[in-house]
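Remarks on the structure that follows.
The values are calculated or read from the model by the stated rules, or taken from the named source; none is laboratory data. Just so it is clear, the model here is predicted, and its values are computed rather than measured. Every residue, glycine as well, gets a Cβ built from its backbone with ideal geometry; the counts of neighbours run over all protein chains shown. Areas reflect the complete protein model, heavy atoms only, side chains present, ligands, DNA and RNA absent. Shrake-Rupley method; radii C 1.70, N 1.55, O 1.52, S 1.80 Å.
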Amino acid sequence: MKKSMSVVENYQQIREKVAAAATKAGRAPEEVHLLVVSKTWPAERLEPLIAVGHLAYGENRVQEAVEKAPLLPQGLEWHLIGHLQKNKARKALSVFQVFHSIDSKAIAQQIDRIAKEEHLYPRVYLQVNLGTEPQKHGFTPDDLRESMGDILTLPRLEILGLMAIPPMGSPEETRPYFRQLREFRDELQEAYDHPLPGLSMGMTSDFDVAIEEGSTIVRVGSAIFGARG
Ligand SMILES: *Cc1c(COP(=O)(O)O)cnc(C)c1O
């Protein structure tokens, strides 16, 4: 990305690329949402995007979002994309409406319990660890097969679908993981007879491949704001 381009120009270009990737894959461009990942950037960096009407922002740390959100207009949609510790669940629910990184049955239950106390209905993606990298967060497919029934009964959570962060690699190396996530979603949908329309997958380096494989929301940061320091 050229330095001479503004954040808004980068954003418009990514929107066009997202729409083009959807069209190329035979999908309607409206089926694929863009989550702008604003982690590490100060609130004022978001203002030009808010001015052109972009409302959905992703943050990976609860405390950072808690500090940033009050500096910006109300009515934005904050998405948590990083691992959540149980003791931060209440604070997280005070700022985030959408959770992409619910990675255990225990944290799902905790969010559900606190959401009830706070009269909230958070929307949730369940994070799956497809690379079976032990250091990464996420349900293994077997964990989730086992926990899904209980998670779907939690009354306060609207389970939208699945999320994954594939192991590092070229876009073509990540493609099989995106495909695997979609197929796993299809399997769970069928096994539990419950719609799971959402697939949160794809970032700056591979969102076009993710869209070809069925992504419904791509999480893009550095292609819009530049490299994080
Ligand atoms: C930082 C982050 C992104 C955005 O990554 P870019 O490469 O800057 O687009 C997407 N998803 C998650 C979970 C992240 O932590």
Sort out which residues of segment 1-48 are polar (S, T, N, Q) and under 12 Å from A223 (Cβ atoms), and write them in order of number. N10, Q12, Q13
E31 passes all but one of (1) surrounded by 14 or more Cβ atoms within 10 Å (Cβ to Cβ); (2) of a type in the set (D, E); (3) free of Cβ contacts under 8 Å to residues at least 60 places away in the same chain; which number fails? (3)
Hey, can you tell me all the residues within segment 20-58 that are more than 16 Å from the ligand (Cβ to nearest atom), aliphatic (A, V, I, L, M) and closer than 22 Å to L196 by Cα? A22, A25, A28
By residue number, the members of segment 117-138 that are without any contact (Cβ under 8 Å) to a residue 40 or more places away in the chain, under 18 Å from the mean Cα position of the chain (by Cα) and closer than 25 Å to S94 by Cβ are Y121, P122, R123, V124, L126, Q127, G138
Going through segment 56-75 one residue at a time, which ones are of a type in the set (A, V, I, L, M, F, W, C) and either farther than 27 Å from H137 by Cα or in contact with a Gly (Cβ under 7 Å, 6 or more places away or on another chain) (or both)? L71, L72
Residue, farthest from the ligand (Cβ to nearest atom), within segment 59-102, restricted to residues that are open to solvent by less than 20 Å² (accessible area, probe 1.4 Å) and among the charged types (D, E, K, R): K68
